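Okay, structure first, notes after.
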Amino acid sequence: MHVLQKRYVLLVLISSYIIIQPYMIDPGTKKEGEEFEAYNIRRWGSSGWTQSLKRSGKKVGANFSNWKTWPNTLKAHQLIAYVTNPSRQAENKPSTSDCNAAIFNAMYEEGMNVSLVETLVKIGTECLGITDNEVSDLQTHLENNAGAKDVMKEIQTGRKRYNISGVPFFIMGAVEGESSIGKPYGFSGAQDSSTFVDMFEELASSLE
């Protein structure tokens, strides 16, 4: 656990873990994805809202330099579930964060359409450790929408349990052993680092 600010004298948060849940902004997006500008015009009138996103992204190395497609991400979520499946035997198995980073880079920086099976197989083999022996199985898995019901079930659970209605959405809580302590915090939208520091301080106080 990194010390978040130099003023910390005693670090009360002993350990942490992160769970990343699937979410689809617009499940009604065409299965093969849609041209970026056309989608934005159809839904919001323009893509003007993305300008502030791109400006903020550049500050942290996310340039959004080649965003060509508004994807339907259902199969991308299935790729992540396939790659990270606990029963899958693999060396250096990537995390969900690793999968997201590879998919985001392909979509936003390389101009790839992550709605498509061939694109996702390419990401899997080049970035996520999918072996030659797994390629055929992965392709069949994606073509047959294997795991799609599980992905949608997780999304619906997040909507009902935590009222998740957009991304990013953060849920933070304190745990001791396997028991939750107090009520978790939920908040949406991109946040300044100070927001997280405040939340960590609140959670740390509940462990004292």
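The values are calculated or read from the model by the stated rules, or taken from the named source; none is laboratory data. Just so it is clear, the structure is predicted and the values come from calculations on it, not from any experiment. All Cβ positions, even for glycine, are placed from backbone atoms using ideal geometry, and neighbour counts span all protein chains on display.
Given the options Asn92, Asn113, Asn72, name the one that is surrounded by fewer than 14 Cβ atoms within 10 Å (Cβ to Cβ) and either more than 18 Å from the chain's Cα centre (by Cα) or not in a helix (DSSP H, G or I) (or both).
Going through Asn92, Asn113, Asn72 in turn, just one is surrounded by fewer than 14 Cβ atoms within 10 Å (Cβ to Cβ) and either more than 18 Å from the chain's Cα centre (by Cα) or not in a helix (DSSP H, G or I) (or both): Asn92.
Somewhere in region 40-54, is a residue farther than 27 Å from Ser136 by Cα and β-branched (Val, Ile, Thr)?
yes
Which of the following residues is assigned to a loop (DSSP other than H, G, I, E, B), at pLDDT below 95 and buried (at least 16 other Cβ atoms within 10 Å of the Cβ): Pro27, Pro22?
Being assigned to a loop (DSSP other than H, G, I, E, B), at pLDDT below 95 and buried (at least 16 other Cβ atoms within 10 Å of the Cβ) holds for just one of Pro27, Pro22, which is Pro22.
May I ask you to list the residues in region 39-63 that are within 21 Å of Ser193 (Cα to Cα) and either charged (D, E, K, R) or touching a residue at least 60 places away in the same chain (Cβ under 8 Å) (or both)?
Hits for region 39-63 are Lys54, Arg55, Ser56, Lys58, Lys59.
Can you name every residue in region 116-130 that is surrounded by fewer than 14 Cβ atoms within 10 Å (Cβ to Cβ) and under 20 Å from Gly147 (Cα atoms)?
Result: Glu118, single match.
With respect to Asn72, is the statement that it is among the polar types (S, T, N, Q) and either modelled with pLDDT of 95 or more or at negative phi (or both) true?
yes
Could you look through region 143-153, keep only residues that are closer than 11 Å to Ala81 by Cα and of a type in the set (A, V, I, L, M), and pick out the one that is surrounded by the most Cβ atoms within 10 Å (Cβ to Cβ)?
Val151
Is it true that Ala90 is assigned by TED's automatic domain parsing to the domain that holds Val135, over 16 Å from Asp26 (Cβ atoms), small (Gly, Ala, Ser) and modelled with pLDDT of 95 or more?
no
Has region 148-167 got at least one residue that is farther than 25 Å from Pro184 by Cβ and either in a loop (DSSP other than H, G, I, E, B) or basic (Lys, Arg) (or both)?
Yes, region 148-167 contains at least one residue that is farther than 25 Å from Pro184 by Cβ and either in a loop (DSSP other than H, G, I, E, B) or basic (Lys, Arg) (or both).
If we scan region 177-187, do we find a residue that is exposed (fewer than 13 other Cβ atoms within 10 Å of the Cβ), modelled with pLDDT under 75 and among the hydroxyl-bearing types (Ser, Thr, Tyr)?
yes
Name the residue, out of Leu4, Leu79, Leu53, that is assigned to a helix (DSSP H, G or I) and either touching a helix residue (DSSP H, G or I) at 6+ places or on another chain (Cβ under 6 Å) or modelled with pLDDT of 90 or more (or both).
Leu79
Per-residue answers, yes or no, for (1) in contact with a Pro (Cβ under 8 Å, 6 or more places away or on another chain); (2) free of Cβ contacts under 8 Å to residues at least 24 places away in the same chain:
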site	(1), (2)
Ile80	yes, no
Leu116	no, no
Gly129	yes, no
Leu138	no, no
Asp192	no, yes
